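No value in this document is a laboratory result; all are computed from the given coordinates. Keep in mind that what you see is a predicted model, and the values were worked out from it rather than measured. Don't worry about glycine lacking a Cβ; one is built from the backbone with ideal geometry, like all the others, and counts go over all protein chains shown.
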Amino acid sequence: MKVLVIGGTLFIGRTLVAELLKAGHEVHILHRKPEHDLGKKVVNVMADRNDPESLKTVLCGAGYEVVYDNVYDWERGTTAAHVEATARYCGDRLRRYVFMSSVAAYGDGLNHHEGDALAPDNHPDAYVRNKAMSERALFRLHQRNGFPVVTIRPPFVYGPGNPFYREAFFWDRLRDNRPILLPGDGRRLMQFAYVKDLVTALLKTLDKPAAVGHAFNISNARPVTQADLVTSLAEAAGKKAQVVRVPRERIIHAGGNPMAPPLYFGVYYDLPPVTMVITKAQRVLEFKPTGFSDGLKETFRWYCRHWQKRKIDYGFEDSLLPYAQPAGIEKAAMVVR
């Protein structure tokens, strides 16, 4: 099939493009640059997905059978209007429009099923608001004219090639024999999706007619605590973590930021928990998640071969060590085991 991947040059997109090529599809990628490094078989389409006229020029008449909408503009935001404009320009040959949403679309809460309400249009977080509103816009198109949408809601995505400072944040510190700061009591829940599992699910949407018109939660079956995450990352590296617990309020008061320096627990890894149930994907897409420890071990092998060693300033973390509360770490680490 003739497939367009919007945002095919980064983490999820690169893995998706490789698998689409293996499956024999004609693959085009849409991004804002005049060239890419994905090989001669991949056709480059230059456009700004946040510019409707730019998209209209390259999409109308292109005859794509599948579109993977896999990009979000973190600087400007990608709104429901941007997504809906993209969808409307895809033409009448389209068989699937697969939209990469997020567990964040639920807003908050635990154990979400796909039929649960998404975050409201006035949610204060732009990313949450845009993902939820984009899904609603796409499903309205499906209800009105049968638009062949499928939406995918992953949580934290990990795996080989991850450009975000997440798994590597902890492995850098383990390699440097540094203590790992655990915010609060370490019981905050997190849920993960292995990038190869996510891409397998994306490909499955092409083979399953019953997927059209539906959303799917794609992740590991169960969440883990932050304390459990640190333990699992250390085990994947063959090391034992030196964990110290620091009150979250103390970290934030000192200037700690979960999304930008000074980081204290990886990029985005200390957010209020949102978790979900994956039984629908298991039933409809025959989704089978990779074991967390297996996925981390493969990711660590990639890290050892490819991650660029950087000089890290540990001054901020050192400033928090006097407030460390090591007691109770083992107990916290046993939650959700």
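How high is the relative contact order of the stretch 2-153? Use alpha-carbon pairs under 8 Å, at least six apart in sequence, and give a whole percent.
On the way: 259 pairs, mean separation 30.7, N = 152.
Reported relative contact order: 20 percent.
Hey, if you drop one equal point scatterer on each alpha-carbon of the stretch 178-337 and run the Debye formula without solvent, what base-10 log of I(q)/I(0) do you get at q = 0.11, 0.12, 0.15 Å⁻¹?
Results for the stretch 178-337 at q = 0.11, 0.12, 0.15 Å⁻¹ read -0.53, -0.63, -0.91.
For the stretch 161-237, state what percent of all Cα-Cα pairs lands in each successive 5 Å bin, counting from 0 Å until the bin that includes the largest distance.
Taking every Cα pair in the stretch 161-237, the percentages come to 3, 12, 18, 20, 16, 10, 9, 6, 4, 1, 0.
Over all alpha-carbon pairs of the stretch 56-134, lay out the pair-distance distribution in 10 Å bins, whole %, shortest bin first.
Bins of 10 Å from zero give 17, 43, 29, 10, 1 percent of pairs.
With everything on Cα atoms, drop me the angle between helix 126-145 and the longest principal axis of the chain, reported from 0 to 90° to the nearest 10.
Approximately 30 degrees, to the nearest 10.
So if R0 is 41 Å, what FRET efficiency would Arg283 and Asn44 give, r being the distance between their Cβ atoms, rounded to the nearest 0.05? Numbers along the way, then the final one.
Details: r = 38 Å, r/R0 = 0.92.
The value I calculate is 0.60.
Fewest to most neighbouring Cβ within 10 Å: what's the order for Tyr68, Tyr89?
Tyr89, Tyr68
For the stretch 126-183, give the magnitude of the charge dipole about the Cα centre (Cβ charges: +1 Lys/Arg, -1 Asp/Glu; no others), in debye to the nearest 20. Please list the in-between numbers first.
Values: 10 positive and 4 negative charges, 63 e Å.
Roughly 300 debye for the stretch 126-183.
Please report, to one decimal in angstroms, the Kirkwood hydrodynamic radius of the stretch 1-128 built from all distinct Cα-Cα pairs. Provide the component values of the computation, followed by the final result.
Values: mean 1/r = 0.0640 Å⁻¹.
Every distinct Cα pair counted, the radius reaches 15.6 Å.
Most mobile of Pro322, Pro273, Pro261 per a Gaussian network model of the chain (Cα springs, under 10 Å)?
Comparing Pro322, Pro273, Pro261 in the GNM, the peak value goes to Pro322.
Please report, for the Cα atoms of the chain, the Rg to one decimal and the Dmax as a whole number; what are they, in angstrom?
When restricted to the Cα atoms of the chain, Rg and Dmax are 20.6, 64 Å.
Using 0.36 nm per residue of separation minus the Cα-Cα distance, give me the extension gain between Glu53 and Asp116 in nm, one decimal. Could the numbers behind the result be given before it?
Values: separation 63, 0.36 × 63 = 22.68 nm, distance 3.45 nm.
Using 0.36 nm per residue and subtracting the Cα-Cα distance, I get 19.2 nm.
Name the long-range amide H neighbours of Val243: under 5 Å, sequence gap of 5 or more, or other chain; modelled H, no Pro or chain starts.
When sequence neighbours closer than 5 places are left aside, the close amide H contacts are Ile180.
Helix 226-236 versus the longest principal axis of the chain: what angle, 0 to 90°, nearest 10, using Cα atoms?
With rounding to tens, the tilt is 90 degrees.
Using every pair of alpha-carbon atoms in the stretch 47-96, split the distances into 10 Å bins beginning at 0 and state the percent of pairs per bin, rounded to integers.
26, 58, 16, 1
How would you rank Ile278, Ile252, going from fewest to most other Cβ atoms within 10 Å of each one's own Cβ?
Numbers: Ile278 23, Ile252 14.
Lowest to highest Cβ neighbour count: Ile252, Ile278.
Can you sort Lys40, Lys297, Lys309 so the residue with the fewest Cβ neighbours within 10 Å comes first?
Numbers: Lys40 5, Lys297 15, Lys309 8.
Result, fewest neighbours first: Lys40, Lys309, Lys297.
Which whole-number percentage describes the relative contact order of the stretch 1-51, with Cα contacts under 8 Å and a sequence gap of 6 or more?
Values: 76 pairs, mean separation 17.8, N = 51.
Relative contact order comes out at 35 percent.
Which log10 I(q)/I(0) values, to two decimals, does the stretch 1-75 give at q = 0.21, 0.23 Å⁻¹ under the Debye formula with one point per Cα?
Result of the Debye calculation: -0.90, -1.08.
For the stretch 225-320, build the convex hull from the C-alpha positions and give me its volume per residue in Å³.
Numbers: hull volume 13.4 nm³, N = 96.
In the stretch 225-320, the Cα hull volume divided by residue count equals 140 Å³.
Given contacts defined as C-alpha pairs under 8 Å and at least six residues apart, what's the relative contact order of the chain, whole-number percent? It would help to have the intermediate numbers written out before the result.
Working: 621 pairs, mean separation 58.0, N = 337.
Reported as a whole number, the value is 17 percent.
Taking the Cβ of Lys196 as the centre, find all other residues whose Cβ is under 10 Å away and add up their charges (Lys, Arg: +1; Asp, Glu: -1).
Local net charge: -3.
What is the angle, in °, between the Cα long axis of helix 195-207 and the longest principal axis of the Cα atoms in the chain? Nearest 10 is fine, range 0 to 90.
The helix 195-207 is inclined about 20 degrees to the chain.
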